[in-house]
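In what follows, a single structure is set out as structure tokens and then discussed.
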Amino acid sequence: MKKRIQLMLFVIMLTPACFSQSKNFVRIDKSMSDEEVVNIAATITPSVQQLRWQRLEITGFIHFGMNTFTGREWGEGKDDPKLFNPAALDARQWVKTCKDAGIKQVILTAKHHDGFCLWPTKTTEYSVKNSPWKDGKGDVVKEVADACKELGVGFGIYLSPWDRNNASYGTPEYNDFFIEQLTELLTQYGKVDEVWFDGANGEGPNGKKQVYDFERWYAHIRKLQPQAVIAVSGPDVRWVGTETGHGREQEWSVVPVGKNKKYNEGSQTKADEPPSGNNRGQVLGGRSQLRDGDALKWYPAEMDVSIRPGWFYHEAEDQKVKTAEYLKEIYFHSVGRNGVLLLNIPPDKRGLITDFDITVLKSWKAKLDKIFKTNLLNDSKGIGAVKKIKPLLDGNDATHISFSMKGNDNVVELDLKKEQKFNVLLLQENVTIGQRVESFVFEYYDGKEWKKATEGTTIGFKRLLEFPAVTASKVRLRILSARLQPALAEMGLYFDDENKVK
Ligand code: FUL
């Protein structure tokens, strides 16, 4: 008997974390008290796929296709495939440019709303195979997938549900056609890490709108590429609600869903809609909103934005590439507000990312590397109730210090050992435990008393705050309110000599 228990324990210890069940969807009902609902929200955690995706922090979008050649943003599906001829196309240059900028995963528009396919699909004649590019023998999806594999970058596909070219659009047959397109993309190019569905649902060539069979598509993706996350008209990753690259001041990863829908316990397949309630405000998932739906779900935010005004390349926008300074702000307001940034970088008609974009990306990367080069807390010592601060400084987002929130067990106080100048704070929660912090204040000791350097609400996977520079040798973080016991994973303090926050 003892042996059996020992064996069982051994097996449990050997079971990789990815096989353990995370609970990322829970139904709630009217009989539950507010406190119960808050406690449920605090224990909801990401799936293995969601956690992998969250840890990428910066991902890239490549909008490329017929629009690149016609100068449009939304093609009508009538442009001649002969127009598609990116004579110098170099997908490796795209992926390398992204990788050098810190982008960890690249999503390609395999088909945009015009229906033109960047791979030689069997499902339609409207594709690269009828273009002059490589005499119709080219395959952009393959070239990008291969470059991602070679350079160790994740690979994702954007397949527009809205198809303005296909004659079956607006009929049930279109859903079968879409399944065939998914099958090709998910079986011919190796591992796919993200499948991105846009919400646009306009009219097709016959003037009809399509009723998308999302649930069938999700099940198909789960079967063929179970490790992929499905965004943003999808169950794993939610659209933040704007295309500006900015998240909310309070961005919770646990949000209410399914106001008018009937969900099954444990099912994530049906959440093909935005969270319930008001999605446009500066708070999503706050206490007062948790009852807006009939379930709570781990549904983290992706902030998509283009480096240029448009999603596709237009020569006239060469001088309108966002500045490195503005991209830095976007980074602080996306990754630094508990989200994943999806930055679009569109190649030009040659099939290359231009130097205008590359120059900005390089200086953006250099800026971020410079800010986060030295964590000024590295040599610090815990001097309050919490002495063992190593989990906060080990670079591991799954080790943490937990706070009971009773008495003064909500504070971590640090001696920096010498005067340091700082103006950027980094905080991370261990989200494998749940997202819990609701408000905090960060203070410094000026020799006489504690003063506020900055304050915030949610932390989540990562929170970044900029504030006017302070010089001090003692600092402390006080968590003011939380759901259950919060688990603080990482803490960083930096000095950005270009920071203009007054
Ligand atoms: C939108 C689309 O309509 C745009 O063209 C672009 O693809 C963007 C990422 O999603 O909704």
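The values are calculated or read from the model by the stated rules, or taken from the named source; none is laboratory data. All values derive from a computational prediction rather than experimental measurement. Note that we place each Cβ from the backbone using ideal geometry, even for glycine, and neighbour counts take in every protein chain shown.
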Checklist line | Which numbered condition Glu413 misses (of (1) surrounded by fewer than 22 Cβ atoms within 10 Å (Cβ to Cβ); (2) farther than 28 Å from Arg52 by Cβ) | finding: (1)
Next item on the list: Mind listing whichever residues of segment 145-180 are more than 16 Å from the ligand (Cβ to nearest atom), touching a strand residue (DSSP E or B) at 6+ places or on another chain (Cβ under 7 Å) and among the hydrophobic types (A, V, I, L, M, F, W, C)?
Entry: Ala145, Cys148, Val153, Phe155
Notebook entry, point to check: When segment 296-334 is examined, which residues are found to be within 16 Å of the ligand (Cβ to nearest atom) and closer than 27 Å to Pro275 by Cβ?
Noted result: Ala301, Glu302, Met303, Asp304, Val305, Ser306, Trp311, Ile330, Ser334
Notebook entry, point to check: Looking at segment 315-328, which of its residues are assigned to a helix (DSSP H, G or I) and within 24 Å of Glu194 (Cβ to Cβ)?
Noted result: Leu327
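Does segment 329-358 hold any residues that are in a loop (DSSP other than H, G, I, E, B) and either among the β-branched types (Val, Ile, Thr) or closer than 16 Å to His63 by Cα (or both), and which are they? Break it down into steps so the answer makes sense when it comes.
Keep residues of segment 329-358 that are in a loop (DSSP other than H, G, I, E, B), which gives 335-336, 338, 345-354.
Within segment 329-358, Val335, Ile345, Pro346, Pro347, Asp348, Lys349, Arg350, Gly351, Leu352, Ile353, Thr354 qualify.
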Note to self: Which numbered condition in (1) within 30 Å of Ala101 (Cα to Cα); (2) buried (at least 21 other Cβ atoms within 10 Å of the Cβ); (3) in contact (Cβ under 8 Å) with a residue 60 or more places away in the chain is the only one that Ala200 fails?
What the structure shows: (2)
Note to self: Pairs needed: first member in segment 154-181, in contact (Cβ under 8 Å) with a residue 60 or more places away in the chain and under 17 Å from Ala200 (Cα atoms); second member anywhere, within 16 Å of the ligand (Cβ to nearest atom) and not in a loop (DSSP other than H, G, I, E, B); C-beta distance under 6 Å; at least 6 residues apart or different chains.
What the structure shows: Tyr158/Ile107; Tyr158/Thr109; Tyr158/Trp196; Pro161/Phe197
Note to self: Please determine whether any residue of segment 173-190 is farther than 25 Å from Phe84 by Cβ and either modelled with pLDDT under 95 or part of a loop (DSSP other than H, G, I, E, B) (or both).
What the structure shows: no
Note to self: Looking at segment 230-251 only, could you name the residues that are over 24 Å from Pro309 (Cβ atoms) and of a type outside the set (Val, Ile, Thr)?
What the structure shows: Gly234, Pro235, Asp236, Arg238, Glu249, Gln250, Glu251
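Could you please let me know if Asp163 is at pLDDT 95 or above, among the charged types (D, E, K, R) and assigned to a loop (DSSP other than H, G, I, E, B)?
Values: at pLDDT 95 or above: yes; among the charged types (D, E, K, R): yes; assigned to a loop (DSSP other than H, G, I, E, B): yes.
Yes.
Confirm whether Gln210 is of a type in the set (S, T, N, Q), modelled with pLDDT of 90 or more and within 16 Å of the ligand (Cβ to nearest atom). Lay out the reasoning, then the answer.
Details: of a type in the set (S, T, N, Q): yes; modelled with pLDDT of 90 or more: yes; within 16 Å of the ligand (Cβ to nearest atom): yes.
When the stated conditions are applied, Gln210 passes them.
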Notebook entry, point to check: Of the residues Lys448, Lys418, which is over 20 Å from Ala42 (Cα atoms) and outside any strand (DSSP E or B)?
Noted result: Lys448
Checklist line | Qualifying position, being within 22 Å of the chain's Cα centre (by Cα) and more than 16 Å from the ligand (Cβ to nearest atom), among Gly286, Gly293 | finding: Gly286
